[in-house]
Every structure is written in structure tokens, then in C-alpha cells.
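Read through the structure below, which is laid out as C-alpha cells, and then see the notes.
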Amino acid sequence: MKIYGNENVKDVKDAFKNGNMTVAVYGLGKMGLPLAAIFADKGARVIGADINEEVVMKTNQGINHVRGEPGLDELVEKNVKRGRLKATTDLVKAAKDSDVMIILVPAFLDKNKKPDLGIVKSVSENIAKGIERGDFVIVETTVPPGTTDRVVRPILEKSGLKAGEDFGMAHCPERTSSGRAIRDILGAYPKVCGGINKKSTDTAEAIYQVINSKGVITVSSSTEAEMVKIAEGLYRDVNIALANELALISERYGADVFEVIKTANTQPFCNIHKPGAGVGGHCIPVYPWFVIDENTKLIKTAREVNDSMPEYVVDKVSKTLSEHGESVKDSNVLIAGLVYRPGVKEVYHTPAREVIKKLRKLGANVYGYDPVLSEDEMKSMLGVESPNGHKINCAVFIHDYRYNPKANIEHILTPENLFRNG
Ligand SMILES: NC(=O)c1ccc[n+]([C@@H]2O[C@H](COP(=O)([O-])OP(=O)(O)OC[C@H]3O[C@@H](n4cnc5c(N)ncnc54)[C@H](O)[C@@H]3O)[C@@H](O)[C@H]2O)c1
């Protein structure tokens, strides 16, 4: 059932729940597959549209290809079996066969750290070839403010149809993290929806009210919705940079930064995050660059502070070894905590990569450990192996793992003593 233009939002909800609404989800990755499976589980007919043939084939067999997402295996299998979820590489046909098209492909940075919206644009071109009057297009990918209205909209209008009149559009940002996608999508916190006009906002609200138990917060336009998602990431990046600087200051004065932060946070206006070896993943180190310009000094400095932390860690290894008459060159150094966030099998922008690179440059033999990575994964993702009985001169615990890597370790740098003097 075509849903945009329907004055009665109850009809939209009924169409969704009764299987009279077909949704195409573009991008069946770590975020897209959970979203597609949840839409199907709540009643919609879902077509996953992805260029990766293996992802499409596996999905059509009811196999979840995303690792470490609790509940997703069952959700994919169940909804493929009952005929509500299927996948295709035919991106235009997916649009032709759908009433709602959701864009959830990645947006990257180019080598100059400028937004690279190539995939979002290419998906929009495909949707434009299949869009019909009454369709509704949702951008969930985190994008620079204004993208839905000024980048995606003109591409869709190449169809000859007019946004806001013939079809609706909204930005409804993915507010989730890997490893907890299902919980987040179903309602760990409310969904944010901003349309290109009121009718679009109302339509998006009706759709996500069926999914999110915490409800929907509507904002004035798609641009506010885009800004909300960017603001959430900026808050964390700047806050972590502050925590990192507090760590350096605490070290200077011989104070325990973790005790300082924990105690400061007992006051209700204080919510300082934790210091560490840097900031990784697809989101937080990337999104600030969507908005950084000559006026955003704080945000840019925060990025620089967080990006400098691997160097700090390497200096600390150097100092620790030299205090014991040893040098980094030819030392065996173990990096424990290779993924960007404990427990999540993801090494995109992980600080460990920079730490390893810098230590190798100084001549260290670097070994690795992470409980979520197998030996083969450590090798292929980061080019390191387990110590396998080698004596370790210095081990750096980037994450707070309470673990004994069964290696003979001389000096250990944990997150706590990384920022401690002596
Ligand atoms: N991963 C996270 O923790 C996270 C958290 C919040 C928001 N997000 C948002 O979700 C977006 C997607 O992230 P992800 O982690 O799901 O990415 P991902 O890399 O896991 O998956 C992307 C999928 O898109 C497919 N794809 C690539 N080009 C395509 C094209 N032209 N047409 C159709 N499909 C195409 C890929 O084959 C892949 O299956 C991110 O850019 C971000 O905006 C991600």
C-alpha cells in the first residue's frame, strides 16, 4: 500500500502491521540487517537490497552474516522462513516493489577527511529509477547536516516526481551500536524523526512508533534530525578528549584520574567519560569531520587530542622499559585489546592499530591478544600473533581485561596505570 499522502496515520500503522507495506532496506550490513529483520518481525514485507552477492544469498537462506549481534540469528531465520524477509542485488527492482525505501549504507571520509557520500548517492540513483507516487524514502545513514534535503532529494527528483508532493522523505538516524542493535532499535531510547515537511515527519513517526517501544521524538526538519545524530557523536568525542587531557594533567600532579573522574561524576552536572588509548569505530572518529571547518576549533582540537593518544601509549611503553634499563627496540610488546570497543569484533579505526604501527617503527616485536578475535582474525585484521610462550617485556592492556594471557610478562600497563606517574 502506498503510504505517503495518507491522511490517517492509523492506516499507515495498520498497513505496516498487517503486511500491506513493503519496505526495501538498502545495505544489509551490521545495522541494516537488524533493522530489516525487525521491520519484518513487526509485520512488514521486507526486501533487503545489497550489492554483496554473498550477503544476499545468505540472507535468502535465513542465515545471519553479522556476528556478535544477540538475537539476530533467530530473527533472520524466522522471518525468512515465514516469507516476510528476502534479499536481492537488484536495487532498482527493490525500489519498484516497495512502498518505503530505507537507506542504511555507509558514508565515509575521503583522503582529505571530507565526507564521501558516494554510496548514499549511488543508492539514491537506484531508488530514483524505481520510485513511484506515494512512496516514502528514509535516510538512516549518519550524514552531514542537509544531506537528505540537498543531496538525496535532488537525485530522487530526477525521477520526475516532486519530493513533499508526490513522495515523502525523512531522516531518521540510526542511534545504535554494534552488539546491541536489536535492543536499541526496539527501544533502548526513542527514535528521532525529521521530515522534509510536516506530512513526511508524521509518516516517519507513524512507522517508527510500530517499532520503538520508547516512542518517537519528532524534530522540525530532516536537518535537525541529522544534527541530532552528529551532536551525539561530537559530545562523546569532545568529552573523551577532556577525559584524556584530565589524565595527562592528573599524571603531572601524581593523581589517579579514574578516582578523580568517578568522584567528580557523583555531582549531577558532571558526566566525564573515561580516558584511553584513543577513539575508534565507524562513528565517533568519523562524524566530527562531517562538520569541522575553520569555526569549529573545539571539535577539531578534540579530534587531535584523541588521535594523539596512541603516541602517548607508545611513549609510556618506552618510558616504562627505559626505567628498567631496557629499550623498545627488539623488546617484545603485547597489545591486549585490539578491537575498538571491548567485546565487539570491529577493528575499524581501532587505536590498537596505530599503537602497533608506532611500536613496530621503533623496532619492537609486537604481539596481540583480544578475547573476541581468533588467531587467524588477529593476523588478518591487524597483522599480529599471540605471544605463544614468548617472554613479554611490556604488556599494554588497552581495554580493562581481567585476563592472564599465559605469557611471561615483565611490565604491565593497564588502563589505570597507563596514566599514573611511576
Ligand atoms: N556500525 C555501527 O555501530 C553504526 C552505529 C550507528 C550508525 N551506523 C550507521 O549505519 C551505517 C551503515 O553501517 P554498517 O555498520 O551497517 O555498515 P556495514 O559496512 O556493516 O554494511 C554496509 C552494507 O552496505 C552494503 N553496500 C555497500 N554499497 C552498497 C550499494 N551501493 N548498494 C547497496 N548496498 C551497498 C554493503 O555490501 C554492506 O552489506 C553507517 O554509515 C552509519 O551511518 C552504524
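The values are calculated or read from the model by the stated rules, or taken from the named source; none is laboratory data. Every value quoted in this text rests on a predicted model; they were computed, and no experiment measured them. Glycine also receives a Cβ, built like all others from the backbone with ideal geometry; neighbour counts cover every protein chain displayed. With ligands, DNA and RNA removed, areas are computed over all heavy atoms of the protein, side chains included. Shrake-Rupley method; radii C 1.70, N 1.55, O 1.52, S 1.80 Å.
Computed values, structure above
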{"quantity": "All positions within segment 164-191 that are touching a residue at least 24 places away in the same chain (Cβ under 8 Å), within 13 Å of the ligand (Cβ to nearest atom) and acidic (Asp, Glu)", "calculated": "174"}
{"quantity": "Which numbered condition residue 289 fails, given (1) in contact with a helix residue (DSSP H, G or I) (Cβ under 8 Å, 6 or more places away or on another chain); (2) over 23 Å from residue 227 (Cα atoms); (3) modelled with pLDDT of 95 or more; (4) open to solvent by 30 Å² or more (accessible area, probe 1.4 Å)", "calculated": "(2)"}
{"quantity": "Members of segment 179-199 found to be in a helix (DSSP H, G or I) and open to solvent by 20 Å² or more (accessible area, probe 1.4 Å), listed by number", "calculated": "182, 183, 186, 188, 198, 199"}
{"quantity": "Test: residue in segment 291-308 that is farther than 22 Å from residue 247 by Cβ, out of contact with any Asp or Glu (no Cβ under 7 Å at 6 or more places or on another chain), in a loop (DSSP other than H, G, I, E, B) and within 15 Å of the ligand (Cβ to nearest atom)", "calculated": "no"}
{"quantity": "Cβ-Cβ under 8 Å pairs, at least 6 apart or on other chains, segment 116-135 side farther than 20 Å from residue 22 by Cβ and of a type in the set (Gly, Ala, Ser), far side open to solvent by 20 Å² or more (accessible area, probe 1.4 Å) and within 13 Å of the ligand (Cβ to nearest atom)", "calculated": "118/108"}
{"quantity": "Subset of segment 168-178 [out of contact with any Lys or Arg (no Cβ under 7 Å at 6 or more places or on another chain) and not in a loop (DSSP other than H, G, I, E, B)]", "calculated": "170, 171"}
{"quantity": "Qualifying residue in segment 2-24 (condition: open to solvent by 20 Å² or more (accessible area, probe 1.4 Å), within 16 Å of the ligand (Cβ to nearest atom) and touching a residue at least 40 places away in the same chain (Cβ under 8 Å))", "calculated": "no"}
{"quantity": "Residue check, residue 253 away from the ligand (no atom under 16 Å from the Cβ) and aromatic (Phe, Trp, Tyr)", "calculated": "yes"}
{"quantity": "Among the candidates 107, 15, residue that is farther than 28 Å from residue 289 by Cα and of a type in the set (A, V, I, L, M, F, W, C)", "calculated": "15"}
{"quantity": "Complete set of residues in segment 76-119 that are in contact with a Phe, Trp or Tyr (Cβ under 9 Å, 6 or more places away or on another chain), crowded, with 16+ Cβ neighbours inside 10 Å and under 22 Å from residue 145 (Cβ atoms)", "calculated": "101, 102, 103, 104, 105, 107, 115, 117, 119"}
